[in-house]
Amino acid sequence: MNATKNILLLPGDGIGPEIVAEARRVLEAVSVRRGGVFRFTEDVIGGAALDRCGEPFPEATRQAALAADAVLFGAVGDPRWASVPFHLRPEVGILGLRKDLGLFANVRPAVVFDSLVQASTLKPEVIRGLDLVIVRELTGGVYFGEPRGIEDLGAGERRGVNTHVYTSSEIRRIARVAFDVARTRRKKVCSCDKANVMEAGLLWREEVTALAKAEYPDIELTHLYADVASMRLVQNPKMFDVILTDNLFGDMLSDQAATLTGSLGLLPSASLGVSDAKGFRRAVYEPIHGSAPDIAGKGIANPLATILSVAMMLRFSFGWNEDADRIDTAVRVVLDSGVRTPDIATPGQPTVNTKGMGDAVLEALERPPEGRS
Ligand code: IPM
Ligand code: MG
């Protein structure tokens with residue numbers, strides 16, 4: 001028997017509410033199959049929280065996230081809040097969530113679906129069969145380093161400061177995640193840094209190398225400077241299995257990897273904390289695309305990245321690999337059958353809206369495997 005799992009939904013801004021609604025329907029379908037295992041609550045974050053509570057990461061949301069078994073997050077950010085003071089920006093919502101829940105490990109798979117090879121801007125032979133994972137450090141580096149701020153030097157001169165900083169233990173714990181993920185795949189890790197320019201990058205390389213030698217002799221470890229990795233990602237992305245990198249390079253490389261697949265609308269992610277004595281780890285699941293204010297409210301956003309994030313939740317938080325596989329398969333079946341939201345359609349191809357895509361996935365989930373083509 002499964003104990004009830006408390007799922008916190010944080011739809012956020014822009015297309016967030018539309019895509020989270022479809023992902024919730026998928027979670028509800030899983031829940032029904034398992035005898036009503038999920039309990040859902042919803043809270044505000046980002047701009048939506050600014051509107052309602054005057055701050056992007058209200059204490060009530062923080063407490064709800066700390067108490068949840070897993071969090072499903074939509075997106076934050078909207079041009080309406082572009083000029084609010086820095087500490088009130090909608091992005092503070094997601095950054096606070098990551099920091100306060102200790103979500104140091106961000107796992108971002110980038111997979112090219114066969115039926116969408118044409119949607120990529122890269123040549124089909126370069127990306128067909130692409131399947132890589134970026135493991136990005138998420139609570140350290142320049143995103144959170146101190147000192148930081150904008151200083152007034154007088155006479156119209158100002159100084160902006162951020163600090164890129166990593167400790168050995170921060171590097172080792174994220175490297176372990178990458179090595180463990182690689183063990184479930186092709187056993188290759190490419191660690192990306194700027195060891196040629198930054199001391200923190202040199203430390204990164206030394207710690208990763210030492211850990212691999214001591215504990216992961218079965219993993220093939222290579223290193224690339226982050227700029228070279230970025231070049232290789234468009235030149236020969238299939239050379240990668242697991243990419244291990246820091247917070248800032250991971251932000252950039254994961255957008256780039258996502259674009260290779262044809263649409264940002266397809267890529268899920270998991271942000272994971274440290275496992276406690278009982279094996280529980282806090283986790284937030286989110287699509288890697290943003291709030292897409294240009295299409296928000298139109299009901300045409302692609303919900304697949306959020307639906308695939310649900311599959312990651314079932315896998316990483318609950319160990320329900322079979323349910324996760326069923327969702328992954330349903331998405332593949334839907335794409336193979338030609339169902340398209342506008343972002344992944346070729347010119348002239350008929351499209352469905354956000355709800356239509358949700359319906360298609362639910363229908364594929366309910367169809368028995370032998371009924372699938
Ligand atoms: C991401 C996003 C965030 C980041 C923003 C919204 C703060 O770009 O998850 O990649 O920079 O980490
Ligand atoms: Mg990003």
Of residues in the stretch 269-302 being of a type in the set (V, I, T) and within 16 Å of ligand 1 (Cβ to nearest atom), the one modelled with the highest pLDDT: V284
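Residue-wise test of (1) assigned to a helix (DSSP H, G or I); (2) acidic (D, E); (3) without any contact (Cβ under 8 Å) to a residue 60 or more places away in the chain.
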{"site": "V234", "(1), (2), (3)": "yes, no, no"}
{"site": "K238", "(1), (2), (3)": "yes, no, no"}
{"site": "M252", "(1), (2), (3)": "yes, no, yes"}
{"site": "A257", "(1), (2), (3)": "yes, no, no"}
{"site": "S275", "(1), (2), (3)": "no, no, yes"}
{"site": "V284", "(1), (2), (3)": "no, no, no"}
Members of the stretch 286-315 that are more than 16 Å from ligand 2 (Cβ to nearest atom), surrounded by fewer than 24 Cβ atoms within 10 Å (Cβ to Cβ) and not in a helix (DSSP H, G or I): D294, I295, A296, G297, K298, G299, I300
Positions within the stretch 65-76 being farther than 17 Å from P17 by Cβ, of a type in the set (A, V, I, L, M, F, W, C) and either buried (at least 19 other Cβ atoms within 10 Å of the Cβ) or within 20 Å of the chain's Cα centre (by Cα) (or both), in sequence order: A65, L66, A68, A70
Qualifying residue in the stretch 46-54 (condition: within 18 Å of G319 (Cα to Cα) and either among the charged types (D, E, K, R) or at pLDDT 95 or above (or both)): no
Filtered residues of the stretch 79-132 (kept if farther than 17 Å from K238 by Cα, among the small types (G, A, S) and within 14 Å of ligand 1 (Cβ to nearest atom)): A82, G93, G96, A105
Checking L203 against (1) assigned to a strand (DSSP E or B); (2) buried (at least 17 other Cβ atoms within 10 Å of the Cβ), the condition it does not meet: (1)
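Residues checked against (1) within 16 Å of ligand 2 (Cβ to nearest atom); (2) within 23 Å of the chain's Cα centre (by Cα); (3) not assigned by TED's automatic domain parsing to the domain that holds L122:
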residue: R186; (1), (2), (3): no, yes, no
residue: E207; (1), (2), (3): no, no, no
residue: P217; (1), (2), (3): no, no, no
residue: Q235; (1), (2), (3): no, no, no
residue: F240; (1), (2), (3): no, yes, no
residue: D255; (1), (2), (3): yes, yes, no
Among (1) buried (at least 20 other Cβ atoms within 10 Å of the Cβ); (2) within 16 Å of ligand 2 (Cβ to nearest atom); (3) outside the structural domain of F144 (by TED's automatic domain parsing) - the single one A283 does not satisfy: (2)
Residue, farthest from Y143 (Cα to Cα), within the stretch 252-265, restricted to residues that are within 15 Å of ligand 1 (Cβ to nearest atom) and crowded, with 20+ Cβ neighbours inside 10 Å: G265
Selection count where residues are of a type outside the set (A, V, I, L, M, F, W, C), outside any helix (DSSP H, G or I) and in contact (Cβ under 8 Å) with a residue 24 or more places away in the chain, scope the stretch 172-200: 8
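The values are calculated or read from the model by the stated rules, or taken from the named source; none is laboratory data. Quick caveat: nothing in here was measured; it's all calculated off a predicted structure. With ideal geometry, Cβ positions are generated from the backbone for all residues, glycine too; neighbour counts draw on all protein chains shown.
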